[in-house]
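Q: Got a structure for you, written out below as structure tokens; questions coming shortly.
Every number here is computed from the coordinates shown, using simple stated rules; none is lab data. Everything quoted here is computed from the prediction, not taken from an experiment. Glycine gets a Cβ as well: all are built from the backbone with ideal geometry, and neighbour counts include every protein chain shown.
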Amino acid sequence: MLEGKRLAIVGVGTIGEALLRGLRRAGVAVDVVGSVRHPESLARVEALGARATCSNAEAAAGADVVVLAVKPQVMPRVLDDLAGHVRAPALVVTVAAGVPTARVEEALGQVPVVRVMPNTPSVLGAGMSVLCRGRFAGDADLALARALFDRVGRTAVLDEGLMDAVTGLSGSGPAYIYLVIESLAEAGVKVGIPRETSTLLAAQTVLGSARMVLELGKHPALLKDDVTTPAGCTVDGLMELEEGKLRVTLLKAVVRATERARGLAPRREGA
Ligand SMILES: NC(=O)c1ccc[n+]([C@@H]2O[C@H](COP(=O)([O-])OP(=O)(O)OC[C@H]3O[C@@H](n4cnc5c(N)ncnc54)[C@H](OP(=O)(O)O)[C@@H]3O)[C@@H](O)[C@H]2O)c1
């Protein structure tokens with residue numbers, strides 16, 4: 001489905017680069033052109049095996065899929081650049097947090113738009129991307145966008161009304177988990193484990209636990225029970241986490257990030 005397609009990535013920053021690296025890593029034979037703002041970024045994009053330009057219109061010309069991966073506040077300027085240069089059947093994929101498909105359609109006309117919320121582990125093929133479609137996107141458009149993000153991790157489809165919530169959970173989520181890993185590793189150092197080994201223990205424990213949930217399909221509470229021996233040491237650790245309000249803290253983190261995503265609707269820079 002993807003082989004031989006022409007892909008434009010408008011804004012090859014953290015997430016555009018993660019997508020590009022992930023596609024290369026998966027061996028997907030797509031012809032990619034990436035655009036950036038600063039001329040000094042061009043070499044970085046070329047080093048990823050893509051053609052590079054500072055012209056968004058040039059990047060989009062003749063592309064089968066145009067991925068918009070600039071910051072939400074830069075989106076109005078980029079949509080202005082692309083107006084008249086992107087036409088159906090080209091598919092527009094926007095990954096910008098808080099930018100509705102209707103905003104992209106309003107600027108570009110009746111083009112198929114799929115909105116995606118990916119995350120940075122896409123760079124390793126371990127991403128989580130949630131997709132929703134705009135008014136003019138059909139099943140084939142959604143399937144093409146999904147094929148793209150399936151190559152860099154797992155995908156799910158939800159209603160557009162949930163995209164801000166997805167941003168607060170899986171879009172921002174890697175940052176929360178890095179904080180957990182960092183803290184567990186620090187704790188290991190506190191109880192005498194060398195830092196490098198402690199980081200390995202913490203990260204592999206997070207990875208293994210996530211795989212248990214995903215691959216065994218068991219509820220996390222039941223998996224927790226399997227680790228918690230009566231009167232053992234795990235229950236003492238869990239008591240500390242409950243006292244420290246870990247659950248409600250994580251819950252509030254997702255709620256706050258969701259609310260923030262809602263407030264990211266694009267305005268012109270400087271406005
Ligand atoms: N980072 C994440 O974890 C994550 C996760 C999910 C979704 N997203 C979404 O992905 C989008 C990009 O975020 P990011 O973290 O990747 O941002 P970023 O690292 O700051 O990258 C933005 C890129 O856009 C380029 N750019 C800026 N102005 C431009 C213009 N007028 N025309 C063309 N390119 C332009 C920049 O070029 P230069 O390199 O030359 O400065 C840079 O490469 C955001 O909308 C965000 O909501 C991010």
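Q: Give the aspartates and glutamates whose C-alpha is closer than 13 Å to that of Lys190, dropping any in the same chain fewer than 8 places away, or say none.
A: Within reach: Glu182.
Q: Relative contact order for the chain using alpha-carbon pairs under 8 Å, separation at least 6, rounded to a whole percent?
A: The value is 17 percent.
Q: Now, a different point. Using r as the Cβ-Cβ distance of Arg51 and Ala29, and R0 as 22 Å, what FRET efficiency do you calculate, to the nearest 0.05?
A: With R0 = 22 Å, the Cβ-Cβ based efficiency is 0.90.
Q: DSSP loop (so not H, G, I, E, B), at most 12 other Cβ within 10 Å: list which trypsin sites (Lys or Arg not before Pro) in region 35-131 pass both filters.
A: Those that pass, being in a loop and sparsely packed, are Arg87.
Q: Same structure again: Counting Lys and Arg as +1 and Asp and Glu as -1, what is the net charge of the other residues whose Cβ lies under 15 Å from the Cβ of Asn119?
A: The answer is +1.
Q: While we're here: Project the alpha carbons of region 1-110 onto their principal axes and report the range along each, largest first, in whole Å.
A: Computed over region 1-110, the largest-to-smallest principal extents equal 34, 32, 24 Å.
Q: Given the DSSP H assignment, sum -39500 (n - 2.57) over each helix run of at least 4 residues in the chain and divide by its residue total; what's the result at 222 nm in deg cm²/dmol, nearest 500?
A: Helices in the chain give a 222 nm mean residue ellipticity of -14500 deg cm²/dmol.
Q: Choose one answer from Val130, Val213, Val86: the residue with the largest mean-square fluctuation in a GNM of the chain with alpha-carbon springs under 10 Å.
A: Maximum fluctuation in the GNM of the chain, among the listed residues, is at Val213.
Q: Students often check this: by mean Cβ neighbours within 10 Å, which of 54-60, 200-206, 146-152 ranks highest, and how do the rest follow?
A: Listed from highest to lowest mean packing, they are 146-152, 54-60, 200-206.
Q: Can I ask one more? What fraction of the DSSP beta bridges in the chain is antiparallel, stated in percent and rounded to the nearest 5?
A: 15 percent
Q: Calculated FRET efficiency, Glu106 and Lys245, Cβ-Cβ r, R0 45 Å, to nearest 0.05?
A: Taking R0 as 45 Å, the efficiency between Glu106 and Lys245 is 0.60.
Q: Around Arg211, with a cut-off of 13 angstrom between Cβ atoms, what is the net charge of the other residues, counting Lys and Arg +1 and Asp and Glu -1?
A: Cβ neighbours under 13 Å give a net charge of +1.
Q: List the lysines whose alpha-carbon lies under 21 Å from that of Lys252, not counting same-chain residues fewer than 8 positions away?
A: none
Q: What does the charge dipole of the chain about its Cα centre add up to, to the nearest 20 debye, if the Cβ of each Lys and Arg holds +1 and the Cβ of each Asp and Glu holds -1?
A: The dipole of the chain has a size of about 320 debye.
Q: Let me ask something additional. Tell me the net charge near Gly16. Cut-off is 13 Å between Cβ atoms, Gly16 excluded, with +1 for each Lys or Arg and -1 for each Asp or Glu.
A: +4
Q: Students often forget the sequence filter, so: which aspartates and glutamates lie under 19 Å Cα-Cα from Lys224 once same-chain residues fewer than 8 apart are removed?
A: The qualifying aspartates and glutamates are Glu215, Asp236, Glu240, Glu242, Glu243.
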